Amino acid sequence: MKTFLHSLLALMVLTIVSCATGKNALEKGNYETALDRAINRLQSNPDNKKSQDVLIEGYRLASNYHMDYIRMLAVNNDPNKWEATYYQYKQLNSYYRQIQRCPACLSLVMPKSYVSEESDAARKAADYQIELGNNALATNTIEGGRRAFKHFNFALNFDRNVPNIDSLLTDARNMGTIRVLIEPIPIHSRSLELTNEYFENRVIEYLDRFSQGRFVQFFTVDEAEQIDLQPDQIVSMQFDDFVLGQTLIESNTKEIKRDSVVVGQFTDDKGVKHDVYNTVKAELTINRKTLSSQGVMNFEIRDAYTNRILTNRKLPNQDVWVHEWASFNGDSRALTRDEIEMSKLKELPPPPPQTLFIGFVDRIYDQIIGSISNFYRDSEI
């Protein structure tokens, strides 16, 4: 019974608050909220007097407000007025549809439809955006192409059937896109035979993904030659003297003790067996072999027409190959599990230079894609 009373009280409070909220919204000039609240209430309670009053007065005030705004826009010479006019009619038609779905509301107000007016304003708003886009295209510049693309795309908010819109968007995107040539990446090393195919492939794969949804497109030399491309910008990357250091081996020997280790058993005079504990010792030698590889990546973007350098960075980095193994003398029970496993390992020779080079370029890769992403960060469509 108590639960039922609580539920009933909550329902009564919700009803009162909902109606009051509609009235308060109306008094504040928030017609959309006021009508939405009133219509929802009347759909569930057609005889609610407060909601009836809010609906009648709210629809009258809202209609007058939007129509006054439309009349004011009509005498304005700014072509942007059609966008604002469209949204005013759209809101009036939203009221119309809501009231049409509420039988109790239709007995209180006579909503008016402005479908043809909304459609006409939408067409004129779209036409104006197309006009702005064509004017931007006429500049025949990258920035003009990007402005045109935005205007053409915005026109679709008003009219999804703009004639030749796909062609217009394609022309605008092509004009607004920077075409970037990625030059082959040479390696300068005084003594090593290396290939950077792995690094080049990773960079190209990233750039293909990065260019999606952007006003920038990247081409390899082969791709550029196939379409006789004139690039706008050129990206140059060059490994400057990748070198390997001397192999270094360090050994560290230490004595290890472990207390309370069971080393045997004895039987007392009653025949009971007991563990014998003692301290065990071992001498552990840990060997560490290291080989460092280092180099510098020269990264540059320049204008393809003037050869002016747009950005230039030197990206130094180092990668260290490490191998550890161990040996011991004494009682193995003094060692940890990891130390025992390490003692099973043998000394290994360093990897070949190409493997070390790949480890080095993996570190450089993040710096390269970070530099490219930052330079073209404003190219998003």
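Summary of values
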item	result
Qualifying position, being in contact with a strand residue (DSSP E or B) (Cβ under 6 Å, 6 or more places away or on another chain) and either among the polar types (S, T, N, Q) or open to solvent by less than 50 Å² (accessible area, probe 1.4 Å) (or both), among 213, 295	295
One residue from 84, 138 being of a type in the set (A, V, I, L, M), closer than 30 Å to residue 232 by Cβ and either modelled with pLDDT of 95 or more or open to solvent by 30 Å² or more (accessible area, probe 1.4 Å) (or both)	138
Leading residue by the ranking (nearest to residue 234 (Cα to Cα)) among those in the stretch 312-332 that are under 32 Å from the mean Cα position of the chain (by Cα) and open to solvent by 70 Å² or more (accessible area, probe 1.4 Å)	312
Residue match in the stretch 168-189 (condition: part of a loop (DSSP other than H, G, I, E, B) and surrounded by 17 or more Cβ atoms within 10 Å (Cβ to Cβ))	yes
Qualifying residues in the stretch 84-124 (those that are farther than 16 Å from residue 45 by Cα and among the charged types (D, E, K, R)) - the one farthest from the chain's Cα centre (by Cα)	112
The stretch 342-356 - residue that is among the hydrophobic types (A, V, I, L, M, F, W, C) and crowded, with 16+ Cβ neighbours inside 10 Å and, of those, modelled with the lowest pLDDT	356
Every pair of residues 6+ apart whose Cβ atoms lie under 7 Å, when the first sits in the stretch 232-247 and is in contact (Cβ under 8 Å) with a residue 12 or more places away in the chain and at negative phi while the second is in a strand (DSSP E or B) and of a type in the set (Phe, Trp, Tyr)	237/299
Top-ranked residue of the stretch 341-381 - restricted to ones that are within 37 Å of the chain's Cα centre (by Cα) and free of Cβ contacts under 8 Å to residues at least 60 places away in the same chain, ranked as farthest from residue 143 (Cα to Cα)	355
Pick from the stretch 141-167, criterion polar (S, T, N, Q) and not in a helix (DSSP H, G or I), ranking: surrounded by the fewest Cβ atoms within 10 Å (Cβ to Cβ)	161
For residue 316: the one exception among (1) assigned to a helix (DSSP H, G or I); (2) modelled with pLDDT under 90	(1)
Matching residues in the stretch 221-236 - criterion: being more than 31 Å from the chain's Cα centre (by Cα) and in a helix (DSSP H, G or I)	225, 226
Test for residue 359: is it small (Gly, Ala, Ser), out of contact with any helix residue (DSSP H, G or I) (no Cβ under 9 Å at 6 or more places or on another chain) and either open to solvent by 50 Å² or more (accessible area, probe 1.4 Å) or closer than 30 Å to residue 209 by Cβ (or both)	yes
Test: residue 345 is closer than 12 Å to residue 286 by Cα, hydrophobic (A, V, I, L, M, F, W, C) and outside any strand (DSSP E or B)	yes
Single condition residue 187 does not satisfy, out of (1) in contact (Cβ under 8 Å) with a residue 40 or more places away in the chain; (2) more than 24 Å from residue 296 (Cβ to Cβ); (3) hydrophobic (A, V, I, L, M, F, W, C)	(2)
Failed criterion for residue 129 (all others in (1) open to solvent by 20 Å² or more (accessible area, probe 1.4 Å); (2) free of Cβ contacts under 8 Å to residues at least 60 places away in the same chain; (3) among the polar types (S, T, N, Q) hold)	(1)
Per-region count, the stretch 216-228, residues free of Cβ contacts under 8 Å to residues at least 60 places away in the same chain and surrounded by 16 or more Cβ atoms within 10 Å (Cβ to Cβ)	4
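The values are calculated or read from the model by the stated rules, or taken from the named source; none is laboratory data. Remember, predicted model here, so these are calculated numbers, not experimental data. Cβ coordinates were reconstructed from backbone atoms using ideal geometry, including for glycine residues, and neighbour counts include every protein chain displayed. For accessibility, only protein heavy atoms count, side chains too; no ligands or nucleic acids. Shrake-Rupley method; radii C 1.70, N 1.55, O 1.52, S 1.80 Å.
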